[in-house]
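One structure is given below, encoded as structure tokens.
Every read-out reported here was derived from the displayed coordinates using simple, explicitly stated rules and does not represent laboratory data. If you're wondering where the values come from, they're calculated on a predicted model, not measured in any experiment.
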Amino acid sequence: MELLWVSLPLLGRGTLVTLMLASASVILATAIGVAGALIQLFAPAVLRWLIELYLYLVRGVPLLVLLFAMYYALPYAGIMVEPEVGGIVVIGAYFGAFMTEVFRAAVLAIPTSQWEAGRVIGLGTTRIMLDIIAPQALRIAGPPFINTCIMVVKGTSLVAIIGLADITYVGRQIVERTLAPFIIFGAVAFVYFVICYLLSRIGRRLEERLDHAQ
Amino acid sequence: MNFDFSLFLRSIPVLAEGLQTTVALALPALILSALWAVPVVMGLLSPARPLVLLTRTYVEIVRNTPVLVQMFFLFFGSGMLGFPISGFMAGLIALVLQNGAYVAEIYRGGIRGVPQRQTEAGLALGLAPRAVFRIVVLPQALRKVIPPLSNQGVLIIKDTSLVAAIAVAEMTLQARMLADRTAAVFEIFLALALMYVALTAVFSGVMRLLERRLRIA
């Protein structure tokens, strides 16, 4: 128990790094997701194919491989970035593909009659999208969006393998020195659990509201 | 950066050695997750409240913690307890524990997705509740779960790469060691990424065939 007490400051710092990585990655992934979904729905074919290729690659390649590729390849390509920034870009781009699917599915879930109704009262595509489709689609996107956020939080743990000092990395360092895996990894798991469980509660609340609305 | 195509080709046989371990881990992980999810979904749908609570707790714990932390917990923890398991086993157990919970939710969704009136119709025909489940509900639910199972399976295959962190020489670790030795990073990681794309494409293809076989007319 005393070990846990002594480790708290380190674990706390790791938790902050995890939270920072996760929130920055979620923001980036959401931006990519919205852009990707809009391109897939409205853009000319060439752009759509590009997004399609990006989705296909991300679906087939593990996040860890992308992180390793970034970690090894950037220095060779002569690009110097902070490892944290590199991690955020890779995690954001990886989960951006999941977010693209989330937002695209939400827009496609809105009945075409809504589009037709908008046309009939003389609105253009942008106005229909902003005033009619987006408010409904965002509500539908809520629960899967939260699920993807949980995947992002858990996904940030992989940066420990490339040496970023997130909570998983800190936990492993402490375990290698103290040989107390249960208490330390238990504490690490608990931190993730609290973050993800809170998120999943929000997701469930959104889902219930959606059920009521329908 | 310059790309040496011959190095790209030469890295493939080395990665293929790792591919054997990747497949040797992915196959049991896929099968055991699908099997382990059966008792889990039975627990989730059970009429006994304590059993539901117990299963829910398990599902919430594994779904809300990273599989990498679970692997570390099992790998380092088992050594501490005096019966060390290999990194391979720790990875396999963590993958099955985590994905069994996800697959159980997929099964639950499939069973819930069969309309209630199908069950009522079966009961009205005089079938016993068990027979209704086996003859009426299950075959319809099975067809519905194949696409989400295929997605989850792809995630399982990709997550096998994480055992590289506990010293299992699967494909990703082979690539990393090769990159450390040769510095041909672009060639090696491109080859590695393409091998994962090929592996997951083969898996999704098989699942699509299965879906087509199970479809009615």
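What Rg and what Dmax come out for the stretch B:102-217 when only alpha-carbon atoms are used, in angstroms?
So, for the stretch B:102-217, Rg and Dmax equal 21.2, 71 Å respectively.
Find the Cα radius of gyration of the stretch A:29-104, compare it with 2.2 N^0.38 Å by division, and give the number to two decimals.
1.17
Compute the whole-percent fraction of alpha carbon pairs in the protein assembly as shown spaced more than 35 Å apart.
34 percent
Take each complete run of DSSP H in chain A, measure how far its Cα atoms stretch along the helix's own axis, and keep only those covering 15 Å or more with mean Kyte-Doolittle hydropathy at least 1.0; list them. Numbers along the way, then the final one.
Numbers: long enough: A:2-42 (59 Å, 1.65); A:45-60 (22 Å, 1.08); A:63-76 (20 Å, 1.86); A:83-108 (37 Å, 1.33); A:134-155 (29 Å, 0.75); A:167-178 (16 Å, -0.14); A:181-213 (47 Å, 0.83).
Length and hydropathy pass: A:2-42, A:45-60, A:63-76, A:83-108.
Would you list the P(r) distribution for the stretch A:17-61, with all Cα-Cα distances sorted into 5 Å bins from 0 and each bin expressed as a whole %?
The calculated distribution, bin by bin, is 5, 21, 20, 21, 16, 10, 4, 2.
How tilted is helix B:49-63 with respect to the longest principal axis of chain B? Cα atoms for both, answer in degrees (0 to 90, nearest 10).
So the helix axis and the longest Cα principal axis differ by about 20 degrees.
Direction-averaged shadow area of the convex hull around the Cα atoms of the stretch B:157-217, nm²?
Averaged projected area of the stretch B:157-217's Cα convex hull equals 5.0 nm².
Sorted from largest to smallest, which semi-axis lengths in Å does the alpha carbon gyration tensor of the stretch B:123-181 give for its equivalent ellipsoid, taking the root of 5 times each eigenvalue?
47, 10, 6
To the nearest µm²/s, what D does Stokes-Einstein give for chain A at 25 °C and 0.890 mPa s, using the Kirkwood radius over alpha carbon pairs as Rh? Don't skip to the end; give the middle numbers.
Numbers: Rh = 19.3 Å.
The diffusion coefficient I find is 127 µm²/s.
Once Rh for chain B is found with the Kirkwood sum over Cα pairs, what is the Stokes-Einstein diffusion coefficient at 10 °C and 1.306 mPa s, in µm²/s?
My calculation gives 81 µm²/s for D.
Relative contact order of the stretch B:60-217: what whole-number percent is it, with Cα pairs under 8 angstrom and at least 6 residues apart?
23 percent
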